[in-house]
Structures are given as structure tokens and as C-alpha cells.
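The values are calculated or read from the model by the stated rules, or taken from the named source; none is laboratory data. Since this is a predicted model, take the numbers as computed values, not measurements. A quick note on method: Cβ atoms are made from the backbone with ideal geometry, for glycine too, and the neighbour counts reach across all protein chains shown. Heads up: the accessible areas ignore ligands, DNA and RNA and are worked out on the full protein's heavy atoms, side chains in. Shrake-Rupley method; radii C 1.70, N 1.55, O 1.52, S 1.80 Å.
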There are 4 protein chains.
Amino acid sequence: MNSQSDLAETNRLEAFSDGVFAIAITLLVLELKSPHLEEGERLWPALVNEWPQFAAYLTSFAILGVMWINHHSMFRQIQRADRGLMFLNLFLLLWVTLLPFPTSLFAEHLRHESSNARVAGAVYSATLTLAAIAFSLIWWHVLRRHLVEHTMSAAEVRTSLVRYSFGSVVYAATIGISFISPSATLLIVFLLALYYGFEQLRTRD
Amino acid sequence: MNSQSDLAETNRLEAFSDGVFAIAITLLVLELKSPHLEEGERLWPALVNEWPQFAAYLTSFAILGVMWINHHSMFRQIQRADRGLMFLNLFLLLWVTLLPFPTSLFAEHLRHESSNARVAGAVYSATLTLAAIAFSLIWWHVLRRHLVEHTMSAAEVRTSLVRYSFGSVVYAATIGISFISPSATLLIVFLLALYYGFEQLRTRD
Amino acid sequence: MNSQSDLAETNRLEAFSDGVFAIAITLLVLELKSPHLEEGERLWPALVNEWPQFAAYLTSFAILGVMWINHHSMFRQIQRADRGLMFLNLFLLLWVTLLPFPTSLFAEHLRHESSNARVAGAVYSATLTLAAIAFSLIWWHVLRRHLVEHTMSAAEVRTSLVRYSFGSVVYAATIGISFISPSATLLIVFLLALYYGFEQLRTRD
Amino acid sequence: MNSQSDLAETNRLEAFSDGVFAIAITLLVLELKSPHLEEGERLWPALVNEWPQFAAYLTSFAILGVMWINHHSMFRQIQRADRGLMFLNLFLLLWVTLLPFPTSLFAEHLRHESSNARVAGAVYSATLTLAAIAFSLIWWHVLRRHLVEHTMSAAEVRTSLVRYSFGSVVYAATIGISFISPSATLLIVFLLALYYGFEQLRTRD
């Protein structure tokens, strides 16, 4: 297999993934519902009252956006795609495409800080944790199969693996936090997305 | 980083944005509902009676189409993508992907020229204003970080910045107009899209 | 403007259009509804009874597929994209993205051959007619502005324009046929899609 | 026609197909419904009780993912696209885009192992069988018209044709199995997707 067809391979994999990210991030809007108004009820307070669906929308948008940028950065370093990479990438996309469902579930139950809100928060966090694990597995596979463009020192390899594992652990922790306060989960996840965004701005720009 | 990978970077950013624009413009149709007919009711008058949803559909389609062309023109002049550009572009796409929601909200309330229609019009206009501000921020960032392909004179820089700021101001004005007449807002926004379309036809063709 | 950036221009226009066609053709499935069954009612007869939605789905899929191939063929001959082409292409995409709505409307009313079915058929045919007119306008613009890759003889120009106008006239005729028999409209439109498909297979392969 | 435009042709066909696969795989999530809870009802058991929709989602995701990888592998070997290939590819995409409908139908009826569940399973299996037949037809056409990149021995041709026919036969068999146990159909189809995935990992990596 020559290196030009390798590149075509990773390009098509990236294009497919970009398509899935673009669609998932755009489908989130379908979960936003116009408030059902009673005769004479005012729209503005009804919209404000639906803050959980807007907060969940914004958070999932930020996560998918940062994930896309991460995916982008990762695949820039990948020179070849093998079947294992394709399947692990599909495993990641499974959680990406699923995200609108737990987003909607969380938005629906978030308001009440009830036990159902805690379950919905945990389902949401678990989906993100699984996506973070998928990222780790992809990177681990890429290093093990020497699919990267450049040689990395043992220290660089370790640092990069720790970095991805850290993400998985943090998201897993929000599963637990959901059982204390679902709203806190949403806020932490949103702040994490901002942090990852700015951290990347700082280190890699 | 060599210039070829820079180009690949902007290309993937454009491809992702094109995907989001294409999906958002196509999802608008999901907000169009078949009229619910009573036994013996005629379809044609019922469809005509639903003119607000068709007017809102057409307007949002025109805006997203013109925005896509604008995005296209802007990115043709951008030679390199940095992280800041990626995040500002995501900020723009946030409002692009959100647009089907205020479109649907506006269509639902437009008919009555009630206070709710005014609120729905203001939400719609505010979304467009935020998108226009995002365009300004992207262009300002691109100039400040010298990501453009060519050198621009101080006068050209000033003209281009004024041009983008003008768009933000005009859309912000329609927020106010919504409180006078929501229908006027929709008409003005539609005419603005046509104007931007033809103005570009004239100046850049 | 050098020819390489011209090519990039048409490539991005094609990629955006391909995205819209791909999304519109895939969104059609969202209009298919599972039959609502009463206690003890059997699924198979209920599905068979919903033949209009499957017939309308298949017909719209065939039309969008053939339109995409047509668009593809047309743009292979186009070497440069100007603003006029971009706007006429958006005019075409307006009817492409709208198609799931009249498809759903037609499917809902087709069963009864009532006056409402005739209106729904006419709305469906009118959408297709407007798409056919958009194709004619694009081709006319492309010829007038010399955006094609090769020189065409006056006879070839005339033949190609007649060919596109013919499509518009045939679809316009189905608007009238809808007022006689809506089912006949659906059948004729489906056969037209097959005919255009096979005619292209024959003449251009 | 020179070989560069041939390549552009297959590239655009692949890009369109990738778009359709990416959209279909992402639209599956729209069929997932939040459980409707009664006052005081708990979310977690309600979610667990909806296992059929998650099982059907996962299975259809796996199938579309593997189909995409297959499509990818097949088109890597195809050097030229003719009109016949375009139409057969559309025939394949018809079943790909339709899949969310039988998935939803199957999920709705799977729970009860009733005669309706058997019909839903058979409709699901029939859709997959038709997709498998479409794959066989594409490959048969590609070989017959010598659109592949390389020469294949008669034995290789026979092996590849048998391989695709085998898929069609296996999926056709699951139509019959649906009439014995719809749950078994879902499990077998899921295991088939995993098998095809791993089999490709082994033979082609």
C-alpha cells in the first residue's frame, strides 16, 4: 500500500467523522421544543422557564465542538488508517451520535433535582465518559500500531496517554456528582468543555 | 508547520462548516407542519392560512444561504487556521444551528401581532444579531493574527471592519423593530438577505 | 483569479450542494410514520394500507437521486463559479430542501382521490416544476456567462436548452394532471425519474 | 475522458455516499424516545424497560457502520464510475436511508414476541437483505464493466462474488428466523455485523 492511498484512507475517515459530528451538533436543535402556552400565557417567562433545555443544548454543543477539534488534532498526527482504527472510530461515533438523546433526557428532568434528574445526569455523564474512553482507546491503538506521522519519545507517549486517561476519569467523576447535584454536573461539564478549549488554545496554537 | 498542512487545516474547517450550513438549511423543512384538517375542511385555504411558516422558512433559508456565501468569501481570503479561529467559528455555528428553533417559534406566533409575536420576533432577530457579531469577531481575529492570504491597506482593513459592524447594527435594530411590528421584522430581514446577495453580486463578481 | 482557485470554488459549491442533496434524500425517511395500531390490530395490513407514504417516499427518493446525478453532470461541465451561479444554485436547493414537505402532504392526502389530494398533488408537482425551472436557469446562466469547460456549437447550445425546458414543461403538465388524478401524477413523476435515469444511461455512459 | 476526471467522478460518488451513510447513522437517534413517566414513576426502570429501542439502535448503528466500511473498501478498488454504477449505488442508498424506519418499527414491536413483532422483524431483515443484494449487484456490475483498478484472476472474481452472495443469503435467512423469534433476528444481525467487522480486520488489515 503506498502512502498516497494511506492518506486518502485517513482523509475519507476524517470526512465521514466530520459529517457525523456536523450532523450530531446540528440535530441537537430538534430537541428544543417551543413552550406550549395556555390561552393568554406570555411567551417570555415560558421561554425563561425552559432554561434547562437551553443549558443542556449549549453544553452539548460545546462538548461536541471541542470533541470535533480534538478529533481533528488527533487525526492530523495520524498518517495511516487500519481497520482497527476504523472500528474504534466507529465506537467513538456511537457515543457522539447518541448524545442528542441523553441531552434531551437530561433537559427534561433537570429542573426538579429529583432522583430522576440524578439518573438522567448520570446517563448523560456516562455517555460522555464512554466517548472519552473511546478517545483513549483510539490514541492507544494509534501509538501501538505506529500510525502516527512522527516519532514520539517515551515521555511524550506517556504524557499523551495520561492526558487522555485524565479526561476519562474526570467525566467518570461527573457520574458520581450527578447523584449529588445534576445541575452541578451540567455546569462542570460545560466548564470542562471551555477548559479543554482554552487549554488547547494555549498549548497548541 | 508548512503551508500545505495550513491549507489542509482551513479546508477541513470549511468542510465542517459547509456541512453544518447544509444540514441547518435542510433541517428547516422539519419545522413545516401539514395543516391539521377537520372533516370536510379544504386543504388549499388551510395551507394559505399557514403563510407565516412558509414566510419564516423562506427568510431563514435566504439568510442561511447568504451567510454560507459570506462564510465562503471570507474563508477564501484566510490562509491559515489557528485555534482562536476554530473557536470563533464554532461560536458562529452555534447561532447557525440554533436558527431552526427561533424560526419555528416566530412562525408559530407571527400571525397574531400579539406581545408574544413581538417576543418571538425579538428572539429571532437576536439570534441573527449574534451570528452577525460572530462574523465580525472572526474577521477581526483574522486581521489581528494576520491569517489572511494577502496584505491589506489600512483603508481596506477599516472598510472591511465597518462593513461587518454595519451588519451587526442593522440586525440589532430589527430587535427593536420587532416590538413595533413582528411582520415588518421578517420582511426587513428577508430584504436584507436579498440586498446582501445582490450587493455581493455587484461588488465581487 | 487563477484557474486553480476557480476549480476550488466550483468544488466547494458542489460539495455544499452534494451535502444538501444527501441530507434531503435521507430526511425523507422522517416523514414515514409507524402505523398506529389498535389493540389486537395486525401490523402487516396496516403497513400495506399505508402504501401512499411508501409510494411517495420512493418517488421523491428517485427524483432527488436523478436530480443529484443531473446536477453532477451539469457541474462537471462548469469550469468557473460566479456569484450568479451561486444564487441560482441556492434557488434550486430551495426546492430540493422543501421536497420532504410536499412529499409528506401528498402521502397524507393521496389515498382519498379527494379535492384535497388534487391540491396536494398540484403542490408536489409545482415544487418539482420550480426545481426544473431552476435547472434551466442555471444552465442558461452558465452558457450566457461562458462558465463551461469547452466550446459548444450553436446547435449543441440549442439542444441542451431545449432539453432542460422540456423537463420544466413536462413537470408543469403534471400540475394539471393532479386535478384529474393525483395517483396518476405520482406514477408519471416516478416514471419520469426512471426515464431520465435510463435516458442518461443510454446517451452519456 | 481522462483518468483524472474519472477519479473526480468516483470521489464525488463516494463523498455523496459517505454523506448519506453519515446522516442515516446519525438520524437513528431521532427514533429514540424519552420514556413517558407517570407522576412519581422512576426513570431508571422505565429506561431499562425500553431495552428494545436501545438494542435496535445499537444493531442498526453497527450494520450501517460496517456497511460504510464495506462501501469504502469496495470503492477503493473502483477506478471509474459509469452511470450504471451511479444508479446501482442509489439503489443501495435507498435501503440505507430507509433503515431508520424499520429500526423504529422493530423497536416498537420487539418487546411482545407477538405476530406483529415477527412482521416487524421480517420487514427489518428484508431491508437488510435488499441492501446486501444491492452490494452484490454493484460488485457484479463493477466486474462486468471492468471498473476495477487492477486485474483479478477468475478465481478471485468467483471468490468475491460468492462472498457478496453469501451475505445476501444470510440476511434472507433472517427473514425466516423472524417468524420463529424476532429477538433472535436482532441478535443474529448484530453478531453478523460484528463478524463482518472482525473478519475484515483479519483478512484485509
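Any idea what the residue C:113 label distances to the other copies are, label 7 Å down the Cα→Cβ vector, nm, shortest first?
Counterpart label points of residue C:113 in the remaining copies fall at 4.5, 4.5, 6.4 nm.
Which whole-number percent gives the relative contact order of the stretch D:1-94, counting Cα pairs below 8 Å spaced six or more residues apart?
On the way: 39 pairs, mean separation 46.6, N = 94.
50 percent.
Run the numbers on chain A and let me know its relative contact order in percent, using alpha-carbon pairs under 8 Å that are six or more apart.
Details: 203 pairs, mean separation 51.8, N = 205.
Reported as a whole number, the value is 25 percent.
Quick one: Cα convex hull volume of chain B, Å³ per residue?
Given the Cα convex hull of chain B, per-residue volume reads 122 Å³.
Once neighbouring chains are kept in place and the probe is 1.4 Å, which whole percent of the accessible area of the protein assembly as shown is contributed by carbon and sulfur? If you can, show how the numbers build up before the last one.
On the way: 21430 of 33910 Å².
So the carbon and sulfur contribution to the accessible surface is 63 percent.
Could you pull the accessible area for residue A:64 with a 1.4 Å probe, rounded to 10 Å²?
Surface open to solvent at residue A:64 totals about 0 Å².
With a cut-off of 8 Å between alpha carbons and a minimum separation of six or more residues, what is the relative contact order of the stretch A:104-205 in percent?
On the way: 78 pairs, mean separation 37.9, N = 102.
Result for the stretch A:104-205 is 37 percent.
Could you give the size of the charge dipole of the protein assembly as shown about its Cα centre, using +1 on the Cβ of each K and R and -1 on the Cβ of each D and E, expressed in debye and rounded to the nearest 20? Kindly include the intermediate steps, with their values, before the conclusion.
Working: 56 positive and 64 negative charges, 351 e Å.
Taking the Cα centre of the protein assembly as shown as origin, the dipole is about 1680 debye.
When Cβ neighbours within 10 Å are restricted to other protein chains, what is their mean count per residue of peptide B:94-104?
Neighbouring Cβ atoms belonging to other protein chains average 4 per residue here.
Using the Cα centre of the stretch D:1-80 as origin and beta-carbon charges of +1 (Lys, Arg) and -1 (Asp, Glu), tell me which of D:61, D:77, D:34 is placed farthest towards the positive end of the dipole.
Of the candidates, D:77 comes out farthest on the positive side.
Just counting partner chain Cβ atoms within 10 Å, what average do the residues of peptide A:114-120 show around their Cβ?
Working: counts 3, 3, 7, 1, 2, 6, 4.
So the per-residue partner count for this stretch is 4.
Partner chain Cβ atoms within 10 Å, averaged over the residues of A:154-164 - can you pull that number for me?
Working: counts 0, 0, 0, 0, 0, 0, 0, 0, 0, 0, 0.
Mean partner-chain Cβ count within 10 Å for A:154-164: 0.
For an R0 of 56 angstrom, estimate the FRET efficiency from the Cβ-Cβ distance between residue B:112 and residue B:153 and round to the nearest 0.05.
Working: r = 51 Å, r/R0 = 0.91.
After rounding to 0.05, the efficiency reads 0.65.
For a test of the definition: using alpha carbon positions, the gyration tensor, and the 1.5 limit on a/c, classify the stretch B:1-109 as rounded, prolate or oblate.
Prolate is the answer for the stretch B:1-109, as a/c is 1.5 or above and a/b outweighs b/c.
At residue C:172, label 7 Å along Cα→Cβ: distances to the other copies, nm, ascending?
Spelled out, the distances from residue C:172's label point are 4.8, 4.8, 6.8 nm.
Quick check on chain A: helices-only [θ] at 222 nm, where DSSP H runs of length 4 and up contribute -39,500 (n - 2.57) each and the sum goes over total residues. Nearest 500, please.
Values: 8 runs with 162 residues, N = 205.
Mean residue ellipticity at 222 nm (helix-derived): -27500 deg cm²/dmol.
Farthest toward the dipole's positive end in the stretch C:4-198, which of C:137, C:121, C:91, given Cβ charges of +1 (Lys, Arg) and -1 (Asp, Glu) about the Cα centre?
Farthest towards the positive end: C:137.
Where does each of C:56-62, D:33-39, D:112-118 land if you order them by average Cβ count within 10 Å, highest first?
On the way: C:56-62: 22.9, D:33-39: 11.3, D:112-118: 16.9.
Descending mean neighbour count gives C:56-62, D:112-118, D:33-39.
If you take the Cα atoms of the stretch C:62-157, find Rg, then find the Kirkwood Rh from the mean of 1/r over all pairs, what is Rg/Rh?
Working: Rg = 16.4 Å, Rh = 14.9 Å.
Checking Rg against Rh, the ratio lands at 1.10.
Note the distances from residue D:151 to each other copy's matching label point, with points 7 Å along the Cα-to-beta-carbon direction, in nm, sorted shortest first.
When each copy's label point is compared with this one, the spacings are 4.2, 4.2, 5.9 nm.
Connecting C-alpha atoms closer than 10 Å in a GNM of chain D, tell me which of D:73, D:153, D:104 has the biggest fluctuation.
Top of the fluctuation ranking is D:153.
Sorted by mean Cβ packing within 10 Å, highest first, what order do the peptides A:174-180, C:86-92, D:13-19, C:17-23 take?
Numbers: A:174-180: 17.0, C:86-92: 21.1, D:13-19: 22.9, C:17-23: 25.7.
Top to bottom by mean Cβ count within 10 Å: C:17-23, D:13-19, C:86-92, A:174-180.
Provide the packing ranking of B:155-161, B:184-190, i.e. peptides ordered by the mean count of other C-beta atoms within 10 Å per residue, highest first.
Values: B:155-161: 12.9, B:184-190: 20.3.
Sorting B:155-161, B:184-190 by mean packing, highest first, produces B:184-190, B:155-161.
Would you work out which of D:104, A:181, A:13 lies farthest towards the positive end of the dipole of the protein assembly as shown? Charges go on Cβ: Lys and Arg +1, Asp and Glu -1.
A:13
Can you tell me the dipole magnitude for the stretch A:4-198 around its Cα centre, using point charges on the Cβ only (Lys, Arg +1; Asp, Glu -1), in Debye to the nearest 20?
On the way: 12 positive and 14 negative charges, 132 e Å.
My answer is approximately 640 debye.
Out of C:141, C:71, C:150, any idea which swings most in a Gaussian network model of chain C, alpha carbons joined below 10 Å?
Among C:141, C:71, C:150, the largest mean-square fluctuation in the Gaussian network model of chain C belongs to C:150.
Identify which of C:195, C:124, C:164 has the largest mean-square fluctuation in a Gaussian network model of chain C, with springs joining Cα atoms closer than 10 Å.
C:195
In 10 Å bins starting at 0, how do the alpha-carbon pair distances of the protein assembly as shown split up by percent?
2, 12, 22, 28, 22, 11, 2, 0
Given H placed 1.01 Å from N in the peptide plane, which residues other than close sequence neighbours of residue A:79 have an amide H under 5 Å from its amide H?
Long-range HN contacts for residue A:79: A:148, A:149.
Give the interface area between chains A and D as buried accessible surface, both sides summed, probe 1.4 Å, in Å² to the nearest 100.
Details: alone 11610 and 11610 Å², together 20080 Å².
Interface area, both chains combined: 3100 Å², rounded to the nearest 100.
Using alpha carbons only, how many angstrom separate the centre of the stretch C:64-108 from the centre of the stretch B:26-61?
That distance is 21 Å.
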